[in-house]
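There's a structure below that I have some questions on.
What follows is calculated from the coordinates using simple rules that are stated; it is not laboratory data. Every value quoted in this text rests on a predicted model; they were computed, and no experiment measured them. With ideal geometry, Cβ positions are generated from the backbone for all residues, glycine too; neighbour counts draw on all protein chains shown.
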Amino acid sequence: MASDATVMPQWLVFYQALRGGIISGRINSSHQLALLELKQQLNLELTPAQEQEVINFLIAEGLIKRHQNQIMVTPLPARSRRDTGFIEDYRRANRQPTIQTLRLEVLPIQQIPEAAQHYIVNGTDELWIRHYHVQLIDGLPYALADSYIPHRLFNSLVPVLRHSSTDLFRLMGDVGYPPTIKEERLYIDMPTLAEREALQMLDLMRVQVMRLECQVWSDATLVEVCLLCDRADLYEFNYRVELHV
């Protein structure tokens, strides 16, 4: 059987080996990328243009970056378990989660985007608090969150949401509505230009986003509808689903 090196172009062999080493952690973030050593191990002879093509692909995927004329591996991201609120989720992983508020306002239900209105079946709540914000980990934007919570239940939270470092789910529990159930619909999409700017993805042209339409309940009470735009290269989604046959 022919080897991969004889079947594939040499630049593609190099790309796959380099990409696989970065993702697996064998090539880690604490050392300068040893391109020459890896090429020698694979017995590859690449032109400068072929090598640059590989580098450009990996930069566009967010796996490596240039720093002071050196090519460095991007540190592996924190991975979310998604079984608690954003702040507490990453704090327990010893990371530094922060929130940057882009817009905080109270809206009538008619002004809520249709994608969020679709999940609001309780017509008794005419006013909703919108908190549109960037979620950052260690200073790096991970996600855009467009969150809607009933004003009737959480009007006391309006003054603290803009600058709060307390998890939203904990704030909800403090006023008597601890979240108990979360349901999410997710799909992959290309980010808009505005989303690329907010998530610092202007140079990551191969990186897509994961869109999530989330509903959160406190027992039988709907307490949040959130439209999330997550960088797909920074998140890992794990679900357990009961199957009925």
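Any idea how far apart Glu45 and Gln16 come out in nm if each label point goes 7 Å out from Cα toward Cβ?
Between Glu45 and Gln16, the label points sit 2.2 nm apart.
Additional query: Can you give the translational diffusion coefficient of the chain in µm²/s, computed by Stokes-Einstein from the Kirkwood radius over Cα pairs at 20 °C and 1.002 mPa s?
Working: Rh = 20.5 Å.
Translational D for this selection: 105 µm²/s.
At 222 nm, what helix-only mean residue ellipticity would the chain give, in deg cm²/dmol to the nearest 500, using -39500 (n - 2.57) for each DSSP H run of four or more?
That comes out to -7500 deg cm²/dmol.
Using 7 Å Cα-to-Cβ label points, what is the Tyr187/Val121 separation (nm, one decimal)?
Inter-label distance under the simple model: 2.0 nm.
What Cys residues in the chain are without a partner cysteine, judged by a Cβ distance under 4.7 Å?
Cys229
Here's another thing I want to ask about it. Would you work out the charge dipole size for the chain about its Cα centre, treating the Cβ of every Lys and Arg as +1 and the Cβ of every Asp and Glu as -1, and quote it to the nearest 20 debye?
Using Cβ point charges on Lys, Arg, Asp and Glu, the chain gives about 520 debye.
Report the rotationally averaged projected area of segment 102-235 based on its alpha-carbon convex hull, in square nanometres.
Convex hull of Cα atoms, orientation-averaged projection: 8.2 nm².
Further, regarding this structure: Among His133, Ile120, Leu186, pick out the residue whose Cα is farthest towards the positive end of the charge dipole of the chain, where Lys and Arg carry +1 and Asp and Glu carry -1 on C-beta, about the Cα centre.
So the residue we want is His133.
Which one of Val209, Leu234, Ser165 has its Cα pushed farthest toward the positive end of the charge dipole of segment 147-245, where Lys and Arg give +1 and Asp and Glu give -1 at the Cβ?
Ser165
If you place +1 on the Cβ of every Lys and Arg and -1 on the Cβ of every Asp and Glu, how big does the dipole about the Cα centre of segment 110-223 come out, in debye to the nearest 20?
The dipole of segment 110-223 has a size of about 100 debye.
Using the basic label-point model (7 angstrom from Cα toward the beta carbon), what is the His163 to Val175 distance in nanometres?
If labels sit at His163 and Val175, their model points lie 1.9 nm apart.
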